[in-house]
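Below you'll find the structure, written out as structure tokens, and then a few comments.
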Amino acid sequence: MSELSVRHLLGIKYLNRRDIELIFETADHFKEVLSRPIKKVPSLRDITIANIFFENSTRTKLSFELAEKRLSADVVNFSAAQSSVRKGETLIDTVNNILSMKVDMVVMRHPNPGAGIFLSKHVKASIINAGDGAHEHPTQALLDSYSIREKLGDVGGKKVVIVGDILHSRVALSNIFALQLLGAEVKVCGPKTLMPKHVESLGVTVEPNLRNALEWCDVANMLRIQNERMDMSYFPSTREYTRQFGINRKLLESLSKEIVIMHPGPINRGVEITSDVADSGQSIILNQVENGVAIRMAVIYLLASQIKQ
Ligand code: CP
């Protein structure tokens, strides 16, 4: 069967392993398209997509827009900062007004966890969650696992450590779900104050020591501190954080094996990762960004084929 089990992409939590494999197989095809001189296919000429961003974004917004244009969809962009949301309009009213202009699909980033789920219950369009607060960022997790598969051949059986601000990270939660569905083993590492209570109930183990975590893993996914979601101080100082949970060349070279370094961006250079690691041959950070376009093309294409039925 070559169809997703869902009508919306609201979180990895709602996908099964076959869904992810289908997205990867479809992304393989689109990666080949993206290597051609003409990087465009006419697949979605009859589909209109609205990108609605209530929070800042560089990678995700550009990547979705490029993916939509490479599929020949009509695209409209909406930024909350310049919209009538500022005049008190509700989310449902805003989106229904956009949909009345015959929009088929909505890609939404929102600061509130569950915003995409809420929207999917109230509007007639396919919804893609482009990040909802500290909840999920499903396309980021898909492109992260896809990049591990590309670099190491398979995700199954690999050991992945996610390092940093796990508490406020939608990337961490979506990655945990995706990696486990694909058969990877996952550890989390970071300050105790930035670790969700009962995180082990997600099937991960906590390793408080960064060196031990790096010695154990095949892949380290370094996260930034999400200052915008913090209402108090979670560690004594940035310097202290970097000393305990930052990765640098010296630490990387002292390990007994070569590991793969990932980061979802935006990077805080010199805090969670130094430039000589982020820009090194062990880093696949720019491959992640490149793969994001093929993954988002695959997700949009597969959801759109359900709209067309
Ligand atoms: N990784 C990620 O979501 O980056 P942006 O916030 O720039 O979209």
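The values are calculated or read from the model by the stated rules, or taken from the named source; none is laboratory data. Just so we're clear, the structure is a prediction, and the values are computed from it rather than from any experiment. Don't worry about glycine lacking a Cβ; one is built from the backbone with ideal geometry, like all the others, and counts go over all protein chains shown. Remember, those area values only see protein heavy atoms, side chains included, never the ligands or the DNA or RNA. Shrake-Rupley method; radii C 1.70, N 1.55, O 1.52, S 1.80 Å.
Couple of notes before you dig in:
- Shape class for segment 196-262: oblate, because the ratio a/c of the largest to smallest gyration tensor axis (alpha-carbon atoms, square roots of eigenvalues) is 1.5 or more and b/c is at least a/b.
- J(HN,Hα) series, segment 15-22, from Karplus relation 6.51 cos²θ - 1.76 cosθ + 1.60, nearest Hz, glycine and proline x: 9, 10, 4, 5, 4, 5, 4, 5
- Choice from I49, I247, I117 showing the highest fluctuation, given a GNM over the chain with Cα pairs closer than 10 Å: I117
- Across the chain, Cα pairs under 8 Å and at least six residues apart give a relative contact order of 20 percent.
- Cα-based shape type of segment 220-309, given that a ≥ b ≥ c are square roots of the gyration tensor eigenvalues and the cut on a/c is 1.5: oblate
- Cβ-defined net charge surrounding P111, 14 Å radius [Lys, Arg +1; Asp, Glu -1]: -2
- Top positive-direction residue, dipole computed over segment 100-247 with Cβ charges, set P191, Q244, V107: V107
- Proximal lysines relative to K192, as straight alpha-carbon distance under 24 Å, when same-chain residues fewer than 8 apart are discounted: K159
- Karplus 3J(HN,Hα) series, Hz, for segment 74-91 with 6.51 cos²θ - 1.76 cosθ + 1.60 (x for Gly, Pro): 7, 10, 10, 10, 10, 10, 4, 4, 10, 10, 6, 4, 4, 8, x, 5, 7, 4
- Taking amide H as placed 1.01 Å from N in the peptide plane, I162 has its amide H under 5 Å from the amide H of K187, V188, C189, N221, each at least 5 places away in sequence or on another chain.
- In the chain, taking the dipole from charged Cβ atoms about the Cα centre, the farthest positive-side position among F235, L167, V76 is held by V76.
- Accessible solvent surface per residue of the chain, calculated while the other protein chains remain in place, 1.4 angstrom probe, Å²: 45
- When the Gaussian network model of the chain links Cα atoms closer than 10 Å, the mean-square fluctuations of A294, A172, A50 top out at A50.
- Whether the chain is rounded, prolate or oblate, judged on the alpha carbon gyration tensor where a/c under 1.5 counts as rounded: prolate
- Expressed as a whole percent, the accessible area of the chain that falls on carbon and sulfur atoms is 51 (1.4 Å probe).
- Accessible area of F30 in the full protein assembly, 1.4 Å probe (Å², nearest 10): 10
- Cα-centred dipole magnitude for segment 138-286, charges only on beta-carbon of K, R (+1) and D, E (-1), debye, nearest 20: 180
- Phi-derived couplings, Karplus 6.51 cos²θ - 1.76 cosθ + 1.60 at θ = phi - 60°, listed residue by residue for segment 275-280: 4, 6, 9, 4, 9, 7 Hz, with x used for Gly and Pro.
- Helix-only CD estimate at 222 nm, as mean residue ellipticity for the chain, using -39500 (n - 2.57) per DSSP H run (n ≥ 4): -11500 deg cm²/dmol
- Magnitude of the charge dipole for the chain, about its Cα centre and with charges confined to Cβ atoms of Lys, Arg (+1) and Asp, Glu (-1), is about 340 debye.
- Residues whose placed amide H lies under 5 Å from that of V260, excluding near-sequence neighbours: V219, A220
- Just checking the listed ones, D231, D28, D218: in the Gaussian network model of the chain with Cα springs under 10 Å, the one fluctuating most is D231.
- Near the amide H of L9, within less than 5 Å, lie the amide hydrogens of I127, I128, N129, all on another chain or at least 5 residues away, with H placed in the peptide plane.
- Summarising the label geometry, the points placed 7 Å from Cα in the beta-carbon direction at T205 and S275 lie 3.8 nm from one another.
- For the chain, share of DSSP beta bridges that run antiparallel, in % to the nearest 5: 5
- Helix 170-181 axis, angle to the chain major axis (alpha carbon atoms, nearest 10°): 90
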